[in-house]
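Engineer: Mind having a look at this structure? Questions to follow.
The values are calculated or read from the model by the stated rules, or taken from the named source; none is laboratory data. Computed from a prediction, not measured in an experiment: that's the story for all the values here. Note that we place each Cβ from the backbone using ideal geometry, even for glycine, and neighbour counts take in every protein chain shown.
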Amino acid sequence: MKAHGTVHKYGDNVDTDVIIPARYLNSSDPQELAKKCMEDIDPEFINRVKTGDIIVANKNFGCGSSREHAPIAIKAAGISCVIAETFARIFYRNAINIGLPIIECVEAAKAIEAGDEVEVDFDNGIIYDRTKGTQYQGQAFPEFMQKIIKAEGLINYINNYN
């Protein structure tokens with residue numbers, strides 16, 4: 001399983017309230033949430049993002065509330081993967097539950113820049129920055145997590161694979 005796209009870069013402590021501001025939580029429709037994704041931290045994000053793009057951030061990505069709306073908005077906006085130094089624990093689990101691939105790698109998160117073209121191989125955890133020609137070793141997904149992501153989320157996995 002692989003992801004490939006252009007990077008959108010963010011710093012430390014990107015919380016769920018800037019990923020999808022609370023004022024838009026009156027909808028649970030993924031496409032409606034996607035339209036407002038990252039609005040408070042990067043107003044032009046939704047105009048720049050293309051299907052397959054990748055978010056790279058520093059420490060504690062997805063901190064804040066436990067709402068699933070944040071990873072849903074990111075995935076619906078077209079992001080194929082989020083790479084960060086660390087993730088908030090509840091965001092990490094919510095992302096896997098809805099089928100959004102995420103990978104922790106300190107070196108990649110520090111070195112990769114906005115606009116870089118990046119490829120991620122989830123089977124072995126390799127992150128390759130095509131722009132710079134550099135490679136990083138992230139943590140590979142265990143097989144069961146890959147199955148959940150391939151199924152587009154935990155509910156689909158339970159309904160279709162058991």
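Engineer: Which pairs do you get when a residue that is within 17 Å of Ser65 (Cβ to Cβ) and in a loop (DSSP other than H, G, I, E, B), found in region 92-117, comes within reach of a residue that is at pLDDT below 95 and small (Gly, Ala, Ser), reach meaning Cβ atoms under 9 angstrom, with the pair 6+ apart or on two chains?
Structural biologist: What qualifies is Leu100/Gly153.
Engineer: Scan Ile74, Ile20, Ile55 and give me the residue that is at pLDDT below 95, of a type outside the set (D, E, K, R) and buried (at least 17 other Cβ atoms within 10 Å of the Cβ).
Structural biologist: Numbers: Ile74 fails: at pLDDT below 95; Ile55 fails: at pLDDT below 95.
Matching residue, one of Ile74, Ile20, Ile55: Ile20.
Engineer: If Phe144 satisfies all but one of (1) assigned to a loop (DSSP other than H, G, I, E, B); (2) without any contact (Cβ under 8 Å) to a residue 24 or more places away in the chain, what's the number of the condition it fails?
Structural biologist: If we test Phe144 against (1) assigned to a loop (DSSP other than H, G, I, E, B); (2) without any contact (Cβ under 8 Å) to a residue 24 or more places away in the chain, just (1) comes out false.
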